[in-house]
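Q: Could you have a look at this structure, given as structure tokens, before my questions?
Every number in this text was worked out from the coordinates using simple rules, so none of it is lab data. Please read all numbers here as calculations on a predicted model, not as lab measurements. No Cβ is skipped: glycine too gets one built from the backbone with ideal geometry, and neighbour counts run over all protein chains shown.
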Amino acid sequence: MIARNLSDETIKNKTGKNSGEWYKILDEFGSKNHTEVAKFLRERHKVNPWWAQILTNRYEWARGLRNK
């Protein structure tokens, strides 16, 4: 999977924050629903739709919410 193989440096360069910063924001957001998380990133944080999906997937893996 592309999302798992991206470096934290790439994440920060493309989104303005590293994975840990995004995980903190998403933990505070509280939703565990993939669609809601991606929408939150797009609308509230103006993340490009492709990157919103990548960040959502990485968050789900990091928090044990995604198997594949």
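Q: Across the stretch 1-56, what is the number of residues that are basic (K, R), outside any helix (DSSP H, G or I) and farther than 20 Å from N67 by Cβ?
A: Number satisfying all stated conditions: 2.
Q: Which of the residues that make up the stretch 15-57 are in contact with a Lys or Arg (Cβ under 7 Å, 6 or more places away or on another chain) and closer than 13 Å to A3 by Cβ?
A: Across the stretch 15-57, the qualifying residues are S19, W51, A52, N57.
Q: Further question: In the stretch 37-49, which residues are surrounded by 12 or more Cβ atoms within 10 Å (Cβ to Cβ) and over 17 Å from W61 (Cβ atoms)?
A: Answer for the stretch 37-49, where residues must be surrounded by 12 or more Cβ atoms within 10 Å (Cβ to Cβ) and over 17 Å from W61 (Cβ atoms): K39, F40, R42, H45, V47, N48.
Q: Out of all the residues in the stretch 3-19, which are in contact with a helix residue (DSSP H, G or I) (Cβ under 8 Å, 6 or more places away or on another chain) and either touching a residue at least 40 places away in the same chain (Cβ under 8 Å) or farther than 14 Å from A52 by Cα (or both)?
A: Within the stretch 3-19, A3, R4, L6, D8, I11, T15, S19 meet the criteria.
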